[in-house]
Each structure stands twice: as C-alpha cells, then as structure tokens.
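Please read the structure below before turning to the comments.
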Amino acid sequence: MSVDKSTKAARGSVQCDNSSFNLLKANDFVAENIRKKMAEQRIMLINITSSAGSGKTTLLQETAKRISDQVKMKVLVGDLETERDADRIKESGVEALQIVTGGICHLEAQMVWQAMEQIELDGVELLFIENVGNLVCPASFDLGEDYRVTLMATTEGDDKPKKYPRMFLTSDMMLVSKSDLLPYLPFSVEAVTKDARDVNAEIEVIQVSGLTGEGMDAWCEWLMNKVREKRVASETATI
Ligand SMILES: Nc1nc2c(ncn2[C@@H]2O[C@H](COP(=O)(O)OP(=O)(O)O)[C@@H](O)[C@H]2O)c(=O)[nH]1
Ligand SMILES: [Mg+2]
Ligand SMILES: [Zn+2]
C-alpha cells in the first residue's frame, strides 16, 4: 500500500522535520491509539529499526521459519519504494503488507494505523513493523510499539551507538546482526555493547546471524516471552 495522499498533505513539503513539535504531538496521539488497540486485541507489537541493509528482512524471514507455527504473526514493512521486502516475507509463509512511504525516510504512527486497517488482525498475537532503514529519525517516531528492537550489523562498525544515541536510548533490544562475519571484520561485540549500555543501561543485547542461525533461539525465546507477557497482561486487565 502507498501512504494516503491526505497524510502526505498534512505533513506538507517537509520530508523529515522531526523537530516539529506539532508533528510529533500528532504522531504521539495516534501512537497512543495504536497502543490501546494492541492492548484490546492482545497483540505484541515490535518495531524493528536499523540502518539500510543491516538484516531486518532476513531476521524476519528467519524468525517466521522458527516460530510462525507457534504464534500467529504478521508483518508491516516500510520502505521508500517497492514491495520487495513484503514479497520476501510472504515467501516465508507469513502475511506481510508493504507501506510505501513515497520518499519519506521513516514510518509515522498514522501510516501504521492506516496499514492496520488493511490487514486482518483477528487472532494475530505478534505483529512486526519493519521500519525504514535509517538510524536517525525513526528514533523520534513512536509507533505505539511494545518494544523497539535495533539491529546493529557487524559490517557497520562498532562505534554507532554513541553516534546515533537516540535510537539506542529508545530501544529495548540491540541485535548485533551478521555475527557470522565477525572473524573477518574489526568489530568488537564487547565495545558495541559497552557503548550501547553507556547510552542506555537497560538495553538487552543478543548476537545473531541469519546465515548460520546463531542467536536465533535466544531471540525467538525473547519474542515468545513477550507474547506470553501480553497474553497475561490482557487477561489480568479483563478480570
Ligand atoms: N553475512 C550475512 N549477511 C546477511 C545476514 N543477514 C542479512 N544479510 C545480507 O545483508 C543484506 C541486507 O539484508 P536485508 O535483510 O535485506 O536487510 P534490511 O535492509 O535491514 O532489511 C542482504 O544481502 C542479506 O543477504 C547475516 O546474518 N549474515
Ligand atoms: Mg528490509
Ligand atoms: Zn525521516
């Protein structure tokens, strides 16, 4: 799907003015509505962010292979153009809807809300948002997610958490991706973990590889625990 023209008009010609107070306020209002909707429908919503090419789509394909028989999952995937990532995810047997932002370099809550109206959410317990590949402005847009997960690929260099602190500050989990390439790269998992925790002492870290499967069990276990957490939270709320 493409972003509704009226949403684009509301944003005016500004492509990515995340300093605009009103824009962020409007975003937060919609994000809160998404959060309420997810609570009512007992859906665990995970926002996946990273630079372009860090392995988000691959991670989702590999995740689908491992847990889609245990939990009903779907994916909303944002890109500036093309439906390619949604097609890749669908090949793993999981329904995916592409949000084509038409040049906008992040997802906003309104885009996610519109996409949610076009996808059947009945029975879904785990919904992923693959954000646009960009470590800067997606950090400023709350999408109503329960958890934010940022991939940090070994090919990107281990100095990024302090260069893009807001993304790591607002994330619950850092996945050090492409760990299979560690033997060939001057990348220290210890250094990147230290930098990320200097920015955000609470951030969890798992080392993963979509190629060898390293860390995928730990990642899937983390996800399944979050799904269970949401089930319990909604049961408690309805008592
Ligand atoms: N070596 C290696 N390459 C990977 C891994 N995960 C993804 N890639 C490759 O990295 C490129 C970008 O991956 P993609 O999943 O499209 O990243 P995205 O842009 O963040 O969605 C592709 O060529 C993938 O095959 C991994 O764990 N190890
Ligand atoms: Mg992708
Ligand atoms: Zn942006």
Could you tell me which numbered condition Gly78 fails, if it satisfies all but one of (1) within 18 Å of the chain's Cα centre (by Cα); (2) at positive phi; (3) not aromatic (Phe, Trp, Tyr)? (2)
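Conditions (1) in contact with a Lys or Arg (Cβ under 8 Å, 6 or more places away or on another chain); (2) away from ligand 1 (no atom under 16 Å from the Cβ); (3) at pLDDT 95 or above, marked per residue:
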{"site": "Asp87", "(1), (2), (3)": "no, no, yes"}
{"site": "Gln110", "(1), (2), (3)": "no, yes, yes"}
{"site": "Trp113", "(1), (2), (3)": "no, yes, yes"}
{"site": "Leu121", "(1), (2), (3)": "yes, yes, yes"}
{"site": "Pro161", "(1), (2), (3)": "no, yes, yes"}
{"site": "Ser177", "(1), (2), (3)": "no, no, yes"}
{"site": "Leu181", "(1), (2), (3)": "no, no, yes"}
Any residue at all in the stretch 22-43 that is closer than 22 Å to Val227 by Cα, within 16 Å of ligand 1 (Cβ to nearest atom) and not in a helix (DSSP H, G or I)? no
Looking at Val176, Val227, Val149 in this structure, which one is touching a residue at least 24 places away in the same chain (Cβ under 8 Å), farther than 28 Å from Val30 by Cα and not in a loop (DSSP other than H, G, I, E, B)? Val176
crowded, with 23+ Cβ neighbours inside 10 Å, under 16 Å from Glu145 (Cα atoms) and of a type outside the set (D, E, K, R): does that describe Val77? yes
Restricting to the stretch 189-229, give me the number of residues that are at pLDDT below 95 and touching a Lys or Arg at 6+ places or on another chain (Cβ under 6 Å). 0
Residue among Ser140, Ser171 that is among the polar types (S, T, N, Q), closer than 27 Å to Met111 by Cα and buried (at least 21 other Cβ atoms within 10 Å of the Cβ): Ser171
Among the residues of the stretch 179-203, the number that are in contact with a strand residue (DSSP E or B) (Cβ under 7 Å, 6 or more places away or on another chain) and either assigned to a loop (DSSP other than H, G, I, E, B) or within 23 Å of Lys65 (Cα to Cα) (or both) is 2
Can Asn200 be described as touching a Pro at 6+ places or on another chain (Cβ under 9 Å), under 22 Å from Asp79 (Cβ atoms) and not hydrophobic (A, V, I, L, M, F, W, C)? no
Run Thr49 past the list (1) within 19 Å of Asp146 (Cα to Cα); (2) away from ligand 3 (no atom under 16 Å from the Cβ); (3) of a type in the set (Val, Ile, Thr) and report the number of the one that doesn't hold. (2)
Can you name the residue in the stretch 152-173 that is in a loop (DSSP other than H, G, I, E, B) and free of Cβ contacts under 8 Å to residues at least 60 places away in the same chain and, of all such residues, is nearest to Val205 (Cα to Cα)? Asp172
Go through (1) at pLDDT 85 or above; (2) part of a helix (DSSP H, G or I); (3) away from ligand 3 (no atom under 14 Å from the Cβ) one by one and return the number of the condition Ala9 breaks. (1)
Within the stretch 58-76, can one find any residue that is within 16 Å of ligand 3 (Cβ to nearest atom) and in contact (Cβ under 8 Å) with a residue 24 or more places away in the chain? no
State all residues of the stretch 126-146 that are in a loop (DSSP other than H, G, I, E, B) and within 16 Å of ligand 1 (Cβ to nearest atom); if no residue qualifies, say none. Asn131, Val132, Gly133, Asn134, Leu135, Val136
What are the residues in the stretch 78-137 that are of a type in the set (Asp, Glu), within 16 Å of ligand 3 (Cβ to nearest atom) and without any contact (Cβ under 8 Å) to a residue 60 or more places away in the chain, if any? Asp79, Glu81
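The values are calculated or read from the model by the stated rules, or taken from the named source; none is laboratory data. The structure displayed is predicted, hence computed values, not measured ones. Every residue, glycine as well, gets a Cβ built from its backbone with ideal geometry; the counts of neighbours run over all protein chains shown.
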